[in-house]
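Heads up, the thing below is written out as structure tokens.
The values are calculated or read from the model by the stated rules, or taken from the named source; none is laboratory data. These figures come from a predicted structure and were not determined experimentally. Backbone-built Cβ (ideal geometry, glycine too); neighbour counts: all protein chains shown. Accessible surface areas use protein heavy atoms only, side chains included; no ligands, DNA or RNA. Shrake-Rupley method; radii C 1.70, N 1.55, O 1.52, S 1.80 Å.
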Amino acid sequence: MSKQFQFKLVLLGESAVGKSSLVLRFVKDQFDDYRESTIGAAFLTQTVTLDDQTIVKFEIWDTAGQERYKAPMYYRNANCAVVVYDITQASSLDKARTWIRELQRQADPSIVIALCGNKTDLTARRQITQEEAKKYADEEGLMWFETSAKTGEGVSEVFTAIAKKLPLSAPSSRTNAARGTAAARQGVDLNRQTTTQGSNEACNC
Amino acid sequence: MDEEYDVIVLGTGLTECILSGLLSVDGKKVLHMDRNDYYGGDSASLNLTQLYRKFRPNQTPPADLGRDRDYAVDLIPKFIIASGELTKILVHTDVTRYLEFKQIAGSFVYRDGRISKVPSTELEAVKSPLMGLFEKRRAKKFFEFLQGWRDEDPVTHQGNAFVNSGINLDTDSMKAVYEKFGLEPGTQDFIGHAMALYLDDDYIDKPARPTYDRIVLYTSSMARYGKSPYIYPLYGLGELPQSFARLSAIYGGTYMLDKKIDEIITDADGKFVGVRSGTETVKAKQVIGDPSYFGAGAEVGDGGRLRVIEEKRVIRAICILKHPIPGTDGSDSVQIVIPQNQVNRRNGEYLDLQHTLIPDLELDIYIAMVSSTHNVCAKDVYVAIVSTIVETSKPELEIQPGLQLLGSIYEKFVTVSPLYMPLSTGEADNIFITRSYDATSHFETVVDDVKDVWGRVTGKDLVLKQRNPEEAEQQE
Ligand SMILES: Nc1nc2c(ncn2[C@@H]2O[C@H](COP(=O)(O)OP(=O)(O)O)[C@@H](O)[C@H]2O)c(=O)[nH]1
Ligand SMILES: [Mg+2]
């Protein structure tokens, strides 16, 4: 039987760089110019199967439009982060740098960070060179990719590379789920109803 | 900002965030703003930098407290009572998926000069030093009576052989009920204050029903997870507003933090039009906000209009300790209720007068303590908040009996906060103001406020629909 691991992945970056589009491409292999893919979704899930049949399941948290106003809860216990910039917007790389500094300061030190330049289909409007972004990523020890959520180019590679970089040496947790994912919760379970006094506690919905 | 919204919510305290989340789920177009650059308002949890910036602006946090990121210090001392209404909202809205909870390890009461565990099981009750042997038997009958009570079954109203006539919870006073079981004043004190969690003795002469409800809430919460009736979110209470803010956002709510609100704009009839921030104006049909956005504390109120009034004041002392609270078996987290009947003090002197009813102060002191077990501070650090409703002009002396139980205090941050309530219901002007966080030890009154505001804003009762998990979490 193949092993399955679960990790929390967060998306970060300035608004409109294509974070939600990248998730939609990765999870549903779709692209939509207008639709907000994440309405009502706490997070999306998608799996990557590695060469040795190990299955890595990502619990993907999109910003839900809160990107400018960071909630520490959002990247709490994240195992990996995809920090996205738009290759046609010079300012979006600066924003990405701010985010990476924030993660380095506040997130778990073992977090795997991928810097991702999106919208490569718009080459004519490129403002951020590959050299510039790659140099920065190397300095900070980050993985670096370029993608187009629109054409799908490079998208699955980002997630596969992250899956390979994550520590798959059987985390001690019983479910093989990393801390922070829903499956790894170990505290008290609020959804558990007590049977002894259940009758008047049951909800009438 | 020329967009128009259904509702603008001002402040990201828990009350406002629950409302924002529920309104967004209900399909309303919500704009949620806060003057601070962090979520939570008065119910936030702060890291060390934020904490020192707030209370010691000229001082950097001492290095021996450890890493900034390990801290999430609550501004208000509250726990979640396990079988209460907030738990229901957390479960029904499914925000539990963002949160992880742990139990509070113990619930204690100060009695006869020392701290004792509030008994949670019959076995504990039998061993408890709170009651003598005969009193234990009487208390057992009392709790059996409460447990057996069914409104529709008069047999259960008789209680037992000790009780010769049936009890009517709606007309008999709590005093009468205590007397029917012959409970001693000291026992009444711990039941009324440490279990029903009344802050003073006013309840005794009122009908017994609400006290019955509170005791049942306490005991059923206790039965749920075992150690205490309370649970607590890892990383601090500030996670609660954040999780509801995310709920609001994933249902389309728009967030703007770090935004100064300069004016609440109304029309000639005083009806809400919009809010102004600098030169920008946003319009909406209704506005909901915490009192600080509506002139709380200002000299002339908001635009000369008085919208909120100060009801009471609460003193809260956030104390950083390097040890657990003495007498609590080294518990990593506790609530300690100090019934005012158990303390006396004059001119700042704290006298431990056993069994003496105190003339000058009436309201209980609470201690709420959490620690690194709940990921709110560095290892071997304990954060206790001592609080009470202010009754005199020297509030800090009023909490002395609580502070003295803590042992040596590494650092103490004291606030005296007015509790505001709105002066109007908002139905006439579409301005709906929430209440300040009160001195009770849990969030039940916060949920009351949420339901109350919801009713007035939407014109309907709050019905909690369970979100469809399939819909919420798309599977591959
Ligand atoms: N041409 C192009 N447009 C994209 C690409 N990714 C996203 N977009 C568009 O950029 C806009 C913002 O995308 P969105 O995913 O909502 O960005 P977010 O705010 O970062 O989540 C939308 O109009 C998308 O259709 C891409 O790879 N190429
Ligand atoms: Mg998006």
- Quick one: is A:Leu44 over 23 Å from A:Trp144 (Cβ atoms), in contact with a helix residue (DSSP H, G or I) (Cβ under 7 Å, 6 or more places away or on another chain) and within 13 Å of ligand 2 (Cβ to nearest atom)? yes
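Conditions (1) farther than 18 Å from A:Ala71 by Cα; (2) at pLDDT below 95; (3) within 15 Å of ligand 1 (Cβ to nearest atom), marked per residue:
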{"site": "A:Leu9", "(1), (2), (3)": "no, no, yes"}
{"site": "A:Ser15", "(1), (2), (3)": "no, yes, yes"}
{"site": "A:Leu22", "(1), (2), (3)": "yes, no, yes"}
{"site": "A:Phe26", "(1), (2), (3)": "yes, no, yes"}
{"site": "A:Asp32", "(1), (2), (3)": "yes, yes, yes"}
{"site": "A:Arg35", "(1), (2), (3)": "yes, yes, yes"}
{"site": "A:Ala42", "(1), (2), (3)": "no, yes, no"}
{"site": "A:Thr45", "(1), (2), (3)": "yes, yes, no"}
{"site": "A:Asp52", "(1), (2), (3)": "yes, yes, no"}
- Message: Exactly one of these conditions fails for B:Leu419: (1) among the aliphatic types (A, V, I, L, M); (2) touching a His at 6+ places or on another chain (Cβ under 6 Å); (3) modelled with pLDDT of 95 or more. Give me its number.
- Response: (2)
- Message: Quick check on my filter: what residues within the range A:44-61 are facing chain B (nearest Cβ under 8 Å), free of Cβ contacts under 8 Å to residues at least 60 places away in the same chain and within 11 Å of the chain's Cα centre (by Cα)?
- Response: A:Leu44, A:Thr45
- Examine the range B:276-294 for a residue that is free of Cβ contacts under 8 Å to residues at least 40 places away in the same chain and outside any loop (DSSP other than H, G, I, E, B), and state whether such a residue exists. yes
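Just for the range B:246-275: of the residues that are among the hydrophobic types (A, V, I, L, M, F, W, C) and closer than 18 Å to B:Val91 by Cβ, which one is farthest from the other protein chains (Cβ to nearest Cβ)?
Residues of the range B:246-275 that are among the hydrophobic types (A, V, I, L, M, F, W, C), as a first pass: B:247, B:249-250, B:256-257, B:261, B:264-265, B:268, B:272-273, B:275.
Imposing the further condition that a residue be closer than 18 Å to B:Val91 by Cβ reduces the set to B:247, B:250.
On the way: B:Leu247: 8, B:Ile250: 4 Å.
Taking the candidates together, the pick is B:Leu247.
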- Among (1) under 28 Å from B:Ser331 (Cα atoms); (2) among the hydrophobic types (A, V, I, L, M, F, W, C); (3) within 10 Å of chain A (Cβ to nearest Cβ), where does B:Ile215 come up short? (3)
- Task: Could you check B:Thr49 against (1) within 14 Å of chain A (Cβ to nearest Cβ); (2) open to solvent by less than 10 Å² (accessible area, probe 1.4 Å) and say which number it fails?
- Result: (2)
- Considering every residue within the range B:150-165, establish whether at least one is closer than 30 Å to B:Ile367 by Cα, outside the structural domain of B:Ser331 (by TED's automatic domain parsing) and not in a loop (DSSP other than H, G, I, E, B). no
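Considering only residues that are surrounded by 14 or more Cβ atoms within 10 Å (Cβ to Cβ) and not in a helix (DSSP H, G or I), which ones fall in the range A:147-167? Give the steps one after another, and end with the answer.
We begin by selecting, within the range A:147-167, every residue surrounded by 14 or more Cβ atoms within 10 Å (Cβ to Cβ); these are A:147-150, A:152-156, A:158-164, A:166.
The answer is A:Thr147, A:Ser148, A:Ala149, A:Lys150, A:Gly152, A:Glu153, A:Gly154, A:Leu166.
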- Item | Enumerated strands (runs of 3 or more DSSP E) restricted to the range B:56-130, each holding at least 3 residues that are under 20 Å from B:Ala196 (Cα atoms), open to solvent by less than 20 Å² (accessible area, probe 1.4 Å) and assigned by TED's automatic domain parsing to the domain that holds B:Asp329 | none
- Selection over the range A:80-108 where residues are under 14 Å from the mean Cα position of the chain (by Cα) and more than 16 Å from ligand 2 (Cβ to nearest atom) yields a count of 4
- Note on the structure: Note on B:Arg35: of the conditions (1) at pLDDT below 95; (2) in a loop (DSSP other than H, G, I, E, B), unmet is (1)
- Taking the range A:1-31 and keeping residues open to solvent by 10 Å² or more (accessible area, probe 1.4 Å), near ligand 2 (Cβ under 9 Å from one of its atoms) and within 12 Å of chain B (Cβ to nearest Cβ) leaves A:Ser15, A:Ser20
- Query: What residue, among those in the range B:178-237 that are open to solvent by less than 30 Å² (accessible area, probe 1.4 Å) and in a strand (DSSP E or B), is nearest to B:Met131 (Cα to Cα)?
  - Reply: B:Tyr230
- Task: For residues that are in contact with a Gly (Cβ under 7 Å, 6 or more places away or on another chain) and open to solvent by less than 10 Å² (accessible area, probe 1.4 Å), tally how many sit in the range A:45-91.
- Result: 6
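Please determine whether any residue of the range B:289-303 is among the polar types (S, T, N, Q) and either farther than 22 Å from B:Asn36 by Cβ or surrounded by fewer than 18 Cβ atoms within 10 Å (Cβ to Cβ) (or both).
Within the range B:289-303 (the criterion being among the polar types (S, T, N, Q) and either farther than 22 Å from B:Asn36 by Cβ or surrounded by fewer than 18 Cβ atoms within 10 Å (Cβ to Cβ) (or both)), the answer is no, since none of the residues qualifies.
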